[in-house]
Amino acid sequence: MTVDSPQVVPDDELSKNKNGQFIKMNITIENKGKKNHKISELLHFDIQKGDTQYFATVVSGATENHLNGNISPGEKQSGIATFDIPKEGDFKFEFSGFSKNRGIWTFTQDDIQPAQ
């Protein structure tokens, strides 16, 4: 699994955020196993700041290519997960899925790329 730098999603594309900013994580997952796996941005990804957890937020009209669906053995799927998070702090992006597999990536506000 690869995760690119988080990027701000402009507020004018979204409904009002409540935590400070909407960001998107660009993700690519490869199924190296022998079974199909179902992936859901709402179930398998979250961002943590201290003791607070932020779950993926699907916002109407935000962006396309949300990461959801089945991944067959040997296949890759790319897409995004969007989150409503504060504008400051140290964060952990976590993937928990595909049985016992987990991944954790850390980033700070300085790592978040501006909207394009």
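The values are calculated or read from the model by the stated rules, or taken from the named source; none is laboratory data. Note that the structure is a prediction, hence the values are computed from the model and not measured. Methodologically, a virtual Cβ is constructed for each residue, glycine included, from the backbone with ideal geometry; neighbour enumeration extends over all protein chains shown. Only protein heavy atoms, including side chains, enter the accessible area calculation; ligands, DNA and RNA are left aside. Shrake-Rupley method; radii C 1.70, N 1.55, O 1.52, S 1.80 Å.
Among the listed pairs 18/38; 32/76; 34/92; 34/100; 24/100; 32/92, which have their C-alpha atoms separated by more than 18 angstrom in this model? From the list (18/38; 32/76; 34/92; 34/100; 24/100; 32/92), the Cα-Cα distance tops 18 Å for 18/38; 34/92; 24/100; 32/92.
Computed with a 1.4 Å probe over protein heavy atoms only, the accessible surface of the chain comes to 59 Å² per residue. On the beta carbon distance between residue 51 and residue 4, with R0 = 35 Å, the FRET formula returns roughly 0.85. Taking only the Cα atoms of the chain, the radius of gyration and Dmax are 14.0, 43 Å.
For region 70-116, what % of the accessible area comes from carbon and sulfur atoms, probe 1.4 Å? Please list the in-between numbers first.
Details: 1180 of 2850 Å².
Its accessible area is 41 percent carbon and sulfur atoms.
Hydrodynamic radius of region 66-116 by the Kirkwood approach over all distinct alpha-carbon pairs: 13.5 Å.
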